[in-house]
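Asker: Would you mind keeping the following structure in view while I ask a few things?
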Amino acid sequence: MAGLIKDITTHRDLLSMLVARNIKIRYKESALGFLWTLLGPVFLILIYAFFMKVVMKFPIPMPVLVSGIFVWQYLAMCLGDSSFAIIGNANLVKKACFPRLLLPLSIVLANFVNFLLSLLVMAVYLLIVGPHFGSIAWLPLALITHLALCTGVSLGLCAMNVFLRDVQHLTGIFTMAWFFLTPVVYALSDVAPFIQKYPLLGPLYFMNPMAGILALYRTALLGSPLPELSLISLSMLVSVIIFVAGLAIFQKLQPRFADEL
């Protein structure tokens, strides 16, 4: 943790440059630019809305679906980009004085900037269609926990991918499985009866950190009921554990990066 804080404070100008570079690269030679950050989730929303409402006849409110897709997209973008944070910057990694931790961190922060901008667009949408905002005080906690989770996962993945390139291929499968285990295209209220019927299912379900994070976002933005604080705390604890574990894996493996590239 001390190493992370030191790298950020000592090299904050370099980190800012890397974040700006990653944002520019994502939209390089793209006519629509930032709009692609919105269009991707919008297409997913339309596909799932058609499938859930028309094909499956499953009544899901659009604000629930919209919030779920936009929140999930930040994690999905970090998972997709992080595998190449180190192997895609071999020229920088091989420089002994370069702070390698900044490479995955800049990707996470660049995607976080995109997410905050998309969050503003989503907020305008919610103001237009309703429901009214709920306990907005939960939003900072959701953002911090979300950022910690994405950082931990990204650090661990990019470090392991240097030594085992299968990681980048397994990430896609893992992301898909995680998506369907998370209440992205359905509300927590849809699984509440099962949690009430099987008490042990609640803690098990909220060991998925995205379940608690999505619950916080929907409480803040949609006014959805907040699950028990013990369950939310469990999701937050798992997020912190993933962050610490990802940082530890990265710090342990980074001395050998240059030899593997």
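The values are calculated or read from the model by the stated rules, or taken from the named source; none is laboratory data. All figures in this text were calculated on a predicted structure; none of them were measured in a lab. Heads up, the Cβs are rebuilt from the backbone with ideal geometry, glycines too, and the neighbour counts pull from every protein chain shown.
Asker: Only one of these is of a type outside the set (Asp, Glu), at pLDDT 90 or above and in contact with a helix residue (DSSP H, G or I) (Cβ under 6 Å, 6 or more places away or on another chain): LEU101, LEU116. Name it. Show your work before the answer.
Answerer: Numbers: LEU116 fails: in contact with a helix residue (DSSP H, G or I) (Cβ under 6 Å, 6 or more places away or on another chain).
When all the criteria are applied, what remains is LEU101.
Asker: Right, here's the next one. List every residue pair whose Cβ atoms sit under 6 Å apart, with the two residues 6 or more apart in sequence or on different chains, where the first one lies in the stretch 187-201 and is free of Cβ contacts under 8 Å to residues at least 40 places away in the same chain and the second, anywhere, is small (Gly, Ala, Ser) and assigned to a helix (DSSP H, G or I).
Answerer: Within 6 Å, the pairs are LEU188/ALA215; ILE195/GLY202.
Asker: If you don't mind, there's one more thing I want to ask. ILE23 versus (1) surrounded by 15 or more Cβ atoms within 10 Å (Cβ to Cβ); (2) assigned to a helix (DSSP H, G or I); (3) of a type outside the set (Phe, Trp, Tyr); (4) modelled with pLDDT of 85 or more: which is the lone unmet condition?
Answerer: Here ILE23 meets the rest and fails (4).
Asker: Please specify each residue of the stretch 187-217 satisfying the condition of being at pLDDT below 90 and within 22 Å of LEU141 (Cα to Cα).
Answerer: Answer for the stretch 187-217, where residues must be at pLDDT below 90 and within 22 Å of LEU141 (Cα to Cα): ALA187, LEU188, SER189, GLY202.
Asker: Taking the condition loosely packed, with under 12 Cβ neighbours inside 10 Å and part of a helix (DSSP H, G or I), does PHE194 pass?
Answerer: When the stated conditions are applied, PHE194 passes them.
Asker: While we're here: Just to be sure I understand, how many residues within the stretch 31-67 are modelled with pLDDT of 75 or more and among the small types (Gly, Ala, Ser)?
Answerer: 1
Asker: Among the residues in the stretch 171-178, are any of a type in the set (Ser, Thr, Tyr) and more than 14 Å from the chain's Cα centre (by Cα)?
Answerer: Scanning the stretch 171-178, I find no residue that is of a type in the set (Ser, Thr, Tyr) and more than 14 Å from the chain's Cα centre (by Cα), so the answer is no.
Asker: Checking the structure you have, find out if any residue of the stretch 68-91 is at pLDDT below 90, under 21 Å from ALA211 (Cβ atoms) and aliphatic (A, V, I, L, M).
Answerer: Within the stretch 68-91 (the criterion being at pLDDT below 90, under 21 Å from ALA211 (Cβ atoms) and aliphatic (A, V, I, L, M)), the answer is yes, since at least one residue qualifies.
Asker: Applying the selection to the stretch 139-196, what residues are touching a helix residue (DSSP H, G or I) at 6+ places or on another chain (Cβ under 9 Å) and of a type in the set (Phe, Trp, Tyr)?
Answerer: PHE163, PHE174, TRP178, PHE179, TYR186, PHE194
Asker: Which residues, counting only those in the stretch 119-157, are modelled with pLDDT under 90 and either β-branched (Val, Ile, Thr) or under 11 Å from the mean Cα position of the chain (by Cα) (or both)? Show your work before the answer.
Answerer: Of the residues in the stretch 119-157, the ones modelled with pLDDT under 90 are 119-137.
Correct list: VAL121, VAL124, ILE128, VAL129, ILE136.
Asker: Let me ask something else about it. Just checking, which of ALA258, ALA220 is in a helix (DSSP H, G or I), of a type in the set (Gly, Ala, Ser) and modelled with pLDDT under 90?
Answerer: Going through ALA258, ALA220 in turn, just one is in a helix (DSSP H, G or I), of a type in the set (Gly, Ala, Ser) and modelled with pLDDT under 90: ALA258.
Asker: From ALA177, ALA248, ALA192, ALA215, which residue is out of contact with any strand residue (DSSP E or B) (no Cβ under 6 Å at 6 or more places or on another chain) and under 23 Å from TYR125 (Cβ atoms)? Give the derivation first.
Answerer: Values: ALA177 fails: under 23 Å from TYR125 (Cβ atoms); ALA248 fails: under 23 Å from TYR125 (Cβ atoms); ALA192 fails: under 23 Å from TYR125 (Cβ atoms).
Only one candidate qualifies: ALA215.
Asker: On to the next question. Give the residues of the stretch 197-217 that are of a type in the set (A, V, I, L, M), assigned to a helix (DSSP H, G or I) and more than 22 Å from VAL129 (Cβ to Cβ), sorted by residue number.
Answerer: LEU201, LEU204, MET210, ALA211, ILE213
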